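Reading through the structure tokens given below for one structure.
The values are calculated or read from the model by the stated rules, or taken from the named source; none is laboratory data. Computed from a predicted model, the values in this text were never measured in an experiment. Quick reminder, even Gly has a Cβ in these numbers, built from the backbone with ideal geometry, and neighbours come from all protein chains shown.
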């Protein structure tokens, strides 16, 4: 027996979305069924639908920024009950037994975690994501969305939020620290909000002056329109830089913005390799790092922090019929700052 739900489906690479019924597995003992209210559009959805990150699994239902309520629970579920507000991010399962899983770092599962879509579960069946009205997940991969955050503004936190929260935590963003955020899109706007709420002095960095006012509204107290001249003028200024852009940067110039022993952390994934001079790192004992998403405990801590500080994503809500056009807008950088799908607008037949 299976659970049928209405979904937005990409039948092949780059094809327009169609609205049709898909099937999820029936509830296992440790599963929950979620009625999805909203699903955020992450740029990685576009990469995978267009098969820009390698061969993908079709038909595909994208979406790993999921917010909704619990509709049903398996017989052994203890973490959630019907009616709970929950979210699901980039993962829906892991082995649960390896060192990384036991440490709450399921994103590094040594036996391979199960991605929310464009992946395969341990049963071998393809996973289907959040551009749908329902989803079935293992209970420990659903996190509680506190009442202090609206579901539509919470959805992007499940990827964009945790992606920037994790390096901000790891590298100690807080009072007395100067943090720069490169790129003010879906990831960058959340990095500015979170770093500011943590008490850091935040500077936004973008390609032009266009987003200066936006950066201030998000919580930044400084702004740099990036040119070789302006980057040189701000050398040695920052303790931490979060680079959210998925385009090649003049990495040596950005490393120059760091104080000695500072860290530049990349969360964007450009299609080309960075060109880095060894002395740009060694000369100031600097760190050039990357950061993945966080594990489930860290994701819950991020949501709790956001609720406490009144933080949600800055969103545009669209209907199911507008998703193809929204993809083009995301690629063009014409979104302030995350597009969220109202999944109740998915209609089949």
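Let me spell it out: the conditions are (1) surrounded by 23 or more Cβ atoms within 10 Å (Cβ to Cβ); (2) over 13 Å from residue 303 (Cα atoms); (3) outside the structural domain of residue 19 (by TED's automatic domain parsing), and residue 165 meets all of them except one. Which number is the exception?
Result: residue 165 passes all but (2).
Tell me whether the stretch 32-45 contains one or more residues that are free of Cβ contacts under 8 Å to residues at least 60 places away in the same chain and assigned to a strand (DSSP E or B).
No: zero hits.
Looking only at the stretch 68-103, count how many residues are more than 23 Å from residue 344 (Cβ to Cβ), touching a strand residue (DSSP E or B) at 6+ places or on another chain (Cβ under 6 Å) and without any contact (Cβ under 8 Å) to a residue 40 or more places away in the chain.
Looking only at that region, the number is 0.
Being surrounded by fewer than 24 Cβ atoms within 10 Å (Cβ to Cβ) and touching a residue at least 60 places away in the same chain (Cβ under 8 Å) is the filter here; which residues of the stretch 104-117 pass it?
The answer is 104, 105, 107, 108.
Within the stretch 189-241, which residues are surrounded by fewer than 18 Cβ atoms within 10 Å (Cβ to Cβ), in a helix (DSSP H, G or I) and out of contact with any helix residue (DSSP H, G or I) (no Cβ under 8 Å at 6 or more places or on another chain)?
Once the filter is applied, which keeps residues that are surrounded by fewer than 18 Cβ atoms within 10 Å (Cβ to Cβ), in a helix (DSSP H, G or I) and out of contact with any helix residue (DSSP H, G or I) (no Cβ under 8 Å at 6 or more places or on another chain), the stretch 189-241 yields 209, 210, 212, 213, 216, 217, 229, 230, 233.
Being in the same structural domain as residue 133 (by TED's automatic domain parsing) and surrounded by fewer than 14 Cβ atoms within 10 Å (Cβ to Cβ), is that true of even one residue in the stretch 260-272?
No: zero hits.
Given the condition touching a helix residue (DSSP H, G or I) at 6+ places or on another chain (Cβ under 9 Å), at pLDDT 95 or above and surrounded by fewer than 15 Cβ atoms within 10 Å (Cβ to Cβ), answer yes or no: does some residue in the stretch 63-84 qualify?
Yes.
So if I check each of 307, 247, which one is surrounded by fewer than 20 Cβ atoms within 10 Å (Cβ to Cβ) and in contact (Cβ under 8 Å) with a residue 40 or more places away in the chain?
So the residue among 307, 247 that is surrounded by fewer than 20 Cβ atoms within 10 Å (Cβ to Cβ) and in contact (Cβ under 8 Å) with a residue 40 or more places away in the chain is 307.
Take the residues of the stretch 1-19 that are in contact (Cβ under 8 Å) with a residue 60 or more places away in the chain and either exposed (fewer than 15 other Cβ atoms within 10 Å of the Cβ) or touching a helix residue (DSSP H, G or I) at 6+ places or on another chain (Cβ under 8 Å) (or both): which is farthest from residue 57 (Cα to Cα)?
19
For residue 228, which of the numbered conditions (1) modelled with pLDDT under 95; (2) within 24 Å of the chain's Cα centre (by Cα) fails to hold?
The failed condition is (2).
Could you say which residue among 152, 123 is touching a strand residue (DSSP E or B) at 6+ places or on another chain (Cβ under 7 Å), in the same structural domain as residue 74 (by TED's automatic domain parsing) and either without any contact (Cβ under 8 Å) to a residue 60 or more places away in the chain or surrounded by fewer than 24 Cβ atoms within 10 Å (Cβ to Cβ) (or both)?
152
Cβ-Cβ under 8 Å, sequence separation 6+ or interchain: first residue in the stretch 327-349 and more than 27 Å from residue 35 (Cα to Cα), partner part of a strand (DSSP E or B). Which pairs?
From the stretch 327-349, the pairs are 329/339.
I'd like the full set of residues that are touching a helix residue (DSSP H, G or I) at 6+ places or on another chain (Cβ under 8 Å) and part of a loop (DSSP other than H, G, I, E, B), limited to the stretch 301-333.
Passing the criteria: 311, 312, 313, 314, 319.
Quickly run through the stretch 91-145 and pick out the residues that are part of a helix (DSSP H, G or I) and either modelled with pLDDT under 95 or more than 18 Å from the chain's Cα centre (by Cα) (or both).
99, 100, 101, 102, 139, 140
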